[in-house]
Structures are given as structure tokens and as C-alpha cells.
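Below you'll find the structure, written out as C-alpha cells, and then a few comments.
The values are calculated or read from the model by the stated rules, or taken from the named source; none is laboratory data. Keep in mind that this is a model prediction, so the values were computed, not measured. Please note: Cβ atoms are built from the backbone with ideal geometry, for glycine as well, and neighbour counts cover all protein chains shown.
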């Protein structure tokens, strides 16, 4: 008996023309930040009709083609709440200022988090070693402060990037021709800084990241979720339905690396009974619990109901958004809160990936399994999951891995990423014996396989 297991990545959402890429998010959040505060309504055109349309013209036209954008009327209170939080969020303010060519994907976003942590830590360590001049003390703007003259900042920092990061994330603020040290992050005796309160700063940095995750959560809930109820009926054919067949009809398990509810809204409603999925295998109906699982959590709509306890409310979110692992120098400072594995445990979203299919020695039974990757980049950051699948397939008899790609260039990127995770000899052997196969993600192929 063959069982089909699908692993979804962000490309699955993009296939449905949902604006869920990293650059889509930053673009729309920037539009929200600029939005007039006296607006009574927020329409699709308000958010998507300007910069987004110019930067993503083809994608914008596809949204128009597949969705009833004239029905989009965004929750004004939710939009205003996002706007207010954006103003003071250091992560958003930094990321919106970074060139798009530098941070193009969610993988780049994760990489940038670690780079920022390393740069800040390097400054603290350089300060402790007296590698550079230490901030001066004097009267600036009628107030006694610690400061660095902007025109001489190369004497106080490793480079311009380091000073920019320290300013962006609140260790320094700019005043006139000076960078002013924020006193809450230092311990000083008189006119001399003894040390920076590193733990306090990194706690602040993580709290700010959690607030950004809250903004991202609300972007999904109050913007992306409107797309689901406005899909044009005629677009379901060859997209979700074909010749009366629902895509995923013969799939036994779905794991999603996304935070959205695209699958649940587009594919699950017609085949769900009491939150348990019935899958037809031949003439037999097989019941499986936990048919659909979020690997890194999902957006929730009620996390911030108690407006007086915003910080405590952050703990209710289920989105895991961080780095796969951190550099050894960061581990020495126990900065594990920025990793996905810490957040999964802390937020209790640590689902046991493939646990229903595993035993101590491999797969639980002699059934054949086909693992499908759809919309997944196969990047190094998810290597533990990918290696787990390859190990299971290698230890089974007749199981396979099939990878959907949407273009030849995307296929090349996926293969390069895979070679960075799995030994090339194993990949060659798997492909030679049809254990590993790349399949173009055409509607015909998707319905044939799933």
C-alpha cells in the first residue's frame, strides 16, 4: 500500500497568488506605515495599488485575475494597530531600509538575524577589549550624556555598518551631529562607561522580534485571510478542482512550513468531518488524526485580545520565526531564544515531524511512502527535516521522494540546495534508480500525483 505525504513551503502560497513572500510583507507594511490615520476604510488599492503594483506587476495582475479585489475592505482598527506598532519596531525599521537585493527571501531574513546578533556582540567584545575609542561624556543639547561624534565614528566602531546596526536597534540614537548612548543599556561610574548590559539589550532585541512576529501574524490574519473568501469561483477549476476531483484527495498527510491557512481554506472544507480527515484509498476510507500539521506554527486571530497586557499576549502567538541555529560565539551568551528550536519548545508548537511513520529503525511498516515537496526551497535551514526524510526513504523498500518545481531555474536552485544537505553520491543513486524525481508543477502533474 502506498501512502502519500506532502511537505509544503512558501511556494505553495505563491502558487495561489497570495502575497506571502518576504518582500511582499515589507512592501505592504511600508504602505500601512504611510497610510493616512484619518481614513475610514482601507481598500485593496490603498495597500496594493502603488509600490506593490510597480514592483510586482505580473503578480498584481494575477491577484486581480484570481480574486475579487473589489470586495476587499480591510479592518481599519487592525490596520491602525499594525501602523502604530510599526513605528517603534526596530526590526521593521531596519529591514525596510535594507536593499531588496540583499534580503530577497525568508531564508535571507533568517540569515540577517544572525548577522545582526554577531555584529552587535562583536561591538560589545571590542568595547571590553578596548579595540576602539569609548564614547565621550559631555553636554549635548543641554543634557549630560555619553556620545560619539558622527563624523569621527570610524574611531569608535569597526565600520559604518556596525554603527548603523547599533543605531537601528537602539543602543545609540542620533541627535544633531552625535550618536547618543542609551543609558538603560550601560553601567557607568561618573564619566566612564564600565560595561554594556548585554543581557538586557539582547532581551530587548528578542522582545522587539516577538513584536515583529505579532505584526507578521496580524498581516496574515487581517490581510491574507481576506483572499480566501474572495477567490473567484471560476478559478477553482484546474486550480483546486479538476473534473470533479479535489487536489490532495489521495494524500495521507500534509506538513506545512507556512503560517497561513491556505490548505485549510481551499482544500479541506469539503472533506473534513469532525476535524478528522477521511482519505479514500481505493474503495477503502482510512481515518487519520492530525492529517494537517504546521511545522513552525501558524497565525492566530485572538492572541492580542487583552489590550492592557500586550507583552504577555505575545506568548500566545504560535509563529516560530528565527534562525535554524546560532554561531558558537552566540551560544556562549545563551542567545537560544532567536532559534527556531527554542521557540518551538517555548511556544509548544514542536510537532514530532513524521512520528506516525517512524520506528526506532526507520519506517513503521512495509508500506511504500512517497514524499512530495511542493513550494519548498530545500534550503539548508530545514536540513534536519530533509535529512530525516532521506534517511527514512533509504531504510525502506520502494519509497520515493518527488520534488515539484515551477521553473527550470527554480529546479536548479532546489538541486543546489539539496546538494548542500545530502551527499552527492546518494542524490545520484536516488535519481538513477528513480527514488528521487523532479516534477514540473503543472496542474496536470499535480492532479496526477496528488
Just to be sure I understand, how many residues within region 164-181 are in a loop (DSSP other than H, G, I, E, B) and crowded, with 19+ Cβ neighbours inside 10 Å? 2
Looking at region 185-196, is at least one residue in a helix (DSSP H, G or I) and either within 22 Å of residue 144 (Cβ to Cβ) or touching a strand residue (DSSP E or B) at 6+ places or on another chain (Cβ under 7 Å) (or both)? yes
Note on region 327-349: residues surrounded by 13 or more Cβ atoms within 10 Å (Cβ to Cβ) and modelled with pLDDT of 90 or more are 335, 336, 337, 338, 339
With the condition kept exactly as written, say whether any residue in region 74-97 is part of a helix (DSSP H, G or I), touching a helix residue (DSSP H, G or I) at 6+ places or on another chain (Cβ under 9 Å) and free of Cβ contacts under 8 Å to residues at least 24 places away in the same chain. no
Of 124, 157, which residue is within 19 Å of residue 329 (Cβ to Cβ), assigned to a loop (DSSP other than H, G, I, E, B) and touching a helix residue (DSSP H, G or I) at 6+ places or on another chain (Cβ under 8 Å)? 157
Against the condition assigned to a helix (DSSP H, G or I) and crowded, with 17+ Cβ neighbours inside 10 Å, how does residue 103 come out, does it pass? no
Would you say residue 259 is touching a helix residue (DSSP H, G or I) at 6+ places or on another chain (Cβ under 9 Å), part of a helix (DSSP H, G or I) and touching a residue at least 12 places away in the same chain (Cβ under 8 Å)? no
Inter-residue pairs, beta-carbon under 7 Å, first exposed (fewer than 12 other Cβ atoms within 10 Å of the Cβ) and in region 409-425, second at pLDDT below 95 and not in a helix (DSSP H, G or I), 6+ apart: none
